Amino acid sequence: MSSFLRFSRMTNLVEVQSLKLNTGALMPAIALGMSAREETPEETKAYFRKALEIGYRHFDTASVYRTEPMMGEVLEDVLNSGTFKREELFITTKLSPAQTHADDVIPALRESLSNLRLEYVDLYLIHFPVRIKPGTKLSYGPLSEDAFLPLDLVGVWKALEQCVELGLTRAIGVSNFGSRLLGVITADAKIIPAVNQVEMHPGCLQPRLLDACKQMGIKVMAFSALGSPKYSTGFTSNAVIDSPILKEIAEKHGKSVGQVALRWSLDHGVCVVVKSSNPSRMAQNLNVFGWSLDEDDHTKIATMPRFRLHDGTYWINQTTSPYRSPKDLYDCWSD
Ligand SMILES: NC(=O)c1ccc[n+]([C@@H]2O[C@H](COP(=O)([O-])OP(=O)(O)OC[C@H]3O[C@@H](n4cnc5c(N)ncnc54)[C@H](OP(=O)(O)O)[C@@H]3O)[C@@H](O)[C@H]2O)c1
């Protein structure tokens, strides 16, 4: 679709289209998820190398995923050996929720860069609009009230702007922000976020948020785009991958359900982060260009049951959190 552009230096294996950020930079529209479950460091390095070989050029990591050091080893190797030029790769990482404080942002990004063995990242995101005590174990239920620290999102955003000025990152953005919170940081911003990374899949569209991002010139990046099947730590659903509606559409187009789900996100003009440790599915997930879903497919998908994996309950309480209800945090998938 028209919002996609060809990435200037693309893999000769597959043609992955790109989105143009409000910085003017091109961001490959498919990113590989670099979160880790039970993978060993050696497995993470092998996974990253395999993805580079298959044709992935955009990688989505975060301080809390703890995969930056393994990526750094591989990056140093492939950049020093001349296998890749730095500008051929697009690296996204994120600020830990334990470092969401103005004074912590620059040191946190410097630490990520040191782990990644890079001079700059392409995109740096605030992972969550919360600040929790260092050492707090992230949980999949509500955090204890004493886990939260006061949050100054505007101050944090100003520190991210400084990261751009210092050349530590080419673009900045946010993750898990609803349109209300985007309004908070953009009201007095020098730099408008380039990206908002949020949960998005055929069961969770959030049209109001998509529209707000479009109005502000912010690109949406969809995570858990397959509904996170097999996720071992809490947030998981087979509702996307086992959907009879998606199965029927996949058969019609001669594609897999995964490809249909990813194509659905791409048809909405967003970038998709997807994870697979299986080389054949990794290749399949990158091969989602050159065809589209039709109007009838989109109409059918719109009838799928709505659900959200990351409903924010772990960030909400009535005393210490800045958020009293999911509505304070997120837009609803139904509006
Ligand atoms: N910003 C945030 O707060 C946030 C939150 C969650 C996730 N993320 C990002 O998004 C990435 C992906 O998230 P996720 O793992 O929750 O969701 P996901 O990509 O929806 O699901 C990944 C799972 O789908 C399976 N899979 C992959 N391709 C498939 C296909 N074509 N057909 C069938 N199954 C397939 C994989 O299994 P196999 O390995 O066996 O293929 C894997 O278990 C993360 O790594 C992270 O980078 C960000």
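The values are calculated or read from the model by the stated rules, or taken from the named source; none is laboratory data. Given the structure is predicted, the values throughout are model-derived calculations rather than measurements. Cβ: placed from backbone, ideal geometry, glycine included. Neighbour counts: every protein chain shown. Note: areas computed on protein heavy atoms with side chains; ligands, DNA, RNA excluded. Shrake-Rupley method; radii C 1.70, N 1.55, O 1.52, S 1.80 Å.
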Quiz item: Simple spin-label model, 7 Å along Cα-to-Cβ: Asn238 to Glu111 in nm?
Solution: 3.9
Quiz prompt | Cβ-Cβ FRET estimate between Phe289 and Val154, R0 fixed at 45 Å, reported to 0.05 | solution = 0.70
Quiz item: Want the number for Lys85 to Phe307: 0.36 nm per residue separation, take away the alpha-carbon distance, what's left?
Solution: 75.9 nm
Quiz item: Counting only protein heavy atoms, what percent of the accessible surface of region 4-329 is carbon or sulfur at a 1.4 Å probe?
Solution: 50
Quiz item: What does the chain give for Rg and for Dmax, in Å, if only its C-alpha atoms count?
Solution: 18.9, 54
Quiz item: Taking GluC sites (Glu not before Pro) that fall in a DSSP loop and have at most 11 other Cβ atoms within 10 Å as cut points, what is the longest piece of the chain between them?
Solution: 120-335
Exercise. Run down the lysines and flag those whose C-alpha is under 25 Å from the C-alpha of Lys247, throwing out any fewer than 8 positions away in its chain.
Key: Lys230, Lys255, Lys275, Lys300
Quiz item: Roughly how many Å² is the accessible area per residue of the chain, as a whole number, for a 1.4 Å probe?
Solution: 42
Quiz item: Expressed as a rounded percentage, what relative contact order does the chain have, with Cα pairs under 8 Å and six or more residues apart?
Solution: 18
Quiz prompt | Whichever aspartates and glutamates have a C-alpha closer than 12 Å to that of Lys85, once near sequence neighbours (fewer than 8 apart) are set aside | solution = Glu76, Asp77
Self-check item: Lys137 paired with Asn22, simple spin-label distance in nm, labels 7 Å along Cα-to-beta-carbon
Solution: 3.9
Quiz item: How far is the Cα center of region 65-116 from the Cα center of region 233-277, in Å?
Solution: 29
